[in-house]
1. Do you know which residues across the stretch 217-245 are among the β-branched types (Val, Ile, Thr) and in a helix (DSSP H, G or I)?
2. Have a look at Glu15, Glu6 and point out the one that is farther than 27 Å from Ile305 by Cα, in contact with a helix residue (DSSP H, G or I) (Cβ under 9 Å, 6 or more places away or on another chain) and surrounded by fewer than 19 Cβ atoms within 10 Å (Cβ to Cβ).
3. Could you figure out which of (1) touching a residue at least 60 places away in the same chain (Cβ under 8 Å); (2) of a type outside the set (Phe, Trp, Tyr); (3) under 30 Å from Ser289 (Cβ atoms) isn't true of Glu154?
4. Only one residue in Leu250, Leu336 is touching a residue at least 40 places away in the same chain (Cβ under 8 Å), within 21 Å of Asn54 (Cα to Cα) and assigned to a loop (DSSP other than H, G, I, E, B), so which one is that?
5. Name the single residue, out of those in the stretch 57-110 being out of contact with any helix residue (DSSP H, G or I) (no Cβ under 8 Å at 6 or more places or on another chain) and among the hydroxyl-bearing types (Ser, Thr, Tyr), that is surrounded by the most Cβ atoms within 10 Å (Cβ to Cβ).
6. Looking at Gly120, Gly194, Gly152, Gly178, which one is farther than 24 Å from Glu15 by Cβ, modelled with pLDDT under 95 and either buried (at least 18 other Cβ atoms within 10 Å of the Cβ) or not assigned by TED's automatic domain parsing to the domain that holds Val10 (or both)?
7. Which of the residues belonging to the stretch 280-322 are in contact (Cβ under 8 Å) with a residue 24 or more places away in the chain, over 26 Å from Lys205 (Cα atoms) and among the hydroxyl-bearing types (Ser, Thr, Tyr)?
Amino acid sequence: MTVIREQDFVQSIAEALQFISHYHPADYIRSLSQAYEAEQSPAARNAIAQILVNSRMAALDKRPICQDTGIAAVFLTVGMGVRFETRRSLQELVDEGVRRAYRDPDNPLRASIVRDPLFGRANTRDNTPAVLHVELVPGDTVEAVVAAKGGGSENKARFAALEPGDSVAAWVVETVSGLGAGWCPPGMIGLGIGGSAETAMLLAKQALLEPIDMTALLARGPATPVEEMRIDLYRRINALGIGAQGLGGLTTVVDVKIRSFPSHAASLPVGLIPQCAANRHVGFTLDGSGPAEFDPPSLADWPQIDLGDAFAAARRVDLDTLTRAEVASWRAGETLLLSGRMLTARDAAHARLAAMIGRGEPLPVDFRDRAVSTTSARSTRCATRWWARPARPPPPGWTSSPS
């Protein structure tokens, strides 16, 4: 019998979450690099370049890839020959790992989980509880996949109870078209087909954890109807022209993944979950010998990109002297180099400000002639950011974003 010590399990969960906070999977970096080389639209190519450069900087400095460090999702496949040396439940152990990861003093991650989703919506302040899925199988090891899913792409998840004769592909293309760029592409689409309503959504989420292999699949050609469907959807979704960060171009998705399960003869449930550019997950195995170890990807996986050319043509904006007339002159697809002060706030702050204005109360901050970030949970954009230690200044003009 394999004995898994409590401290080894908790440490493995915590280190996995820290690892994925600043390392993209190598297969995603390779796929995005190929998309960058193939891209012909200057705006989309620049957006992909910023994602790749930001990813490399996050890896070098061990800082989050995206400001939304996600809801923790843990998938455990537990061998029935395993015994956990603990008096706590698996949920409690996983939550302890999440708590340590998100409160890590060397790289604290943003806590986004609210305890009561309906009324109080008070933040738990440590990103617990995690979403946990457990499967018992024959064997004497524990297989784990740890993921962190951002709110922007998660909010674009969709479900449909189709008729058995309906076209799944047609529904998928129409649905993705309606999502626009709110899920922060380029990324992936995970599809779960069959089972029941909850099964379809779980399959879609699990599909996103599979290795990216679309380039190899296109090279060798489909061997099954499912592979043929994946290629068809990959081409049709990219033909929509949504592109990187919604700026058009050739690549909206780097892969389309499909998982299926037997269903009722009268049913065709379909779950669709997009994965944003902050594609974060890692797997590990525990066999009783100690905590998991994680090997960082090679820096050679990232292309060397010089953003100087794109920034040289960018419009420089001083937020401290910004006028309404200048804002009105901006054009979609134009790159702005921002300097100066910007106020930021999320949903709860905006709601509080609106209520104070409605009551005629003075605001805690003077908003006159100030730039305000309006990013909300409904419309998250993962733009290039500089995640550095407070003592380390950002490079000149690094806080750039497409207008």
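The values are calculated or read from the model by the stated rules, or taken from the named source; none is laboratory data. This structure is a prediction, so every number in the text was calculated from the model and none was measured. Methodologically, a virtual Cβ is constructed for each residue, glycine included, from the backbone with ideal geometry; neighbour enumeration extends over all protein chains shown.
1. Val226, Ile231, Ile237 - these are the residues of the stretch 217-245 that are among the β-branched types (Val, Ile, Thr) and in a helix (DSSP H, G or I).
2. Matching residue, one of Glu15, Glu6: Glu6.
3. Unmet for Glu154, out of (1) touching a residue at least 60 places away in the same chain (Cβ under 8 Å); (2) of a type outside the set (Phe, Trp, Tyr); (3) under 30 Å from Ser289 (Cβ atoms): (3).
4. Step by step, each of Leu250, Leu336 is checked, and only Leu250 is touching a residue at least 40 places away in the same chain (Cβ under 8 Å), within 21 Å of Asn54 (Cα to Cα) and assigned to a loop (DSSP other than H, G, I, E, B).
5. Thr77
6. Testing whether each residue is farther than 24 Å from Glu15 by Cβ, modelled with pLDDT under 95 and either buried (at least 18 other Cβ atoms within 10 Å of the Cβ) or not assigned by TED's automatic domain parsing to the domain that holds Val10 (or both) leaves just Gly152.
7. Answer for the stretch 280-322, where residues must be in contact (Cβ under 8 Å) with a residue 24 or more places away in the chain, over 26 Å from Lys205 (Cα atoms) and among the hydroxyl-bearing types (Ser, Thr, Tyr): just Ser298.
Listed here are the residues, each with its yes/no results for (1) touching a Phe, Trp or Tyr at 6+ places or on another chain (Cβ under 7 Å); (2) modelled with pLDDT of 95 or more; (3) exposed (fewer than 13 other Cβ atoms within 10 Å of the Cβ).
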| position | (1), (2), (3) |
| --- | --- |
| Gln275 | no, yes, no |
| Ala278 | no, yes, no |
| His281 | no, yes, no |
| Phe311 | no, no, no |
| Asp320 | no, no, yes |
| Arg324 | no, no, yes |
| Gly333 | no, no, no |
| Leu337 | yes, no, no |
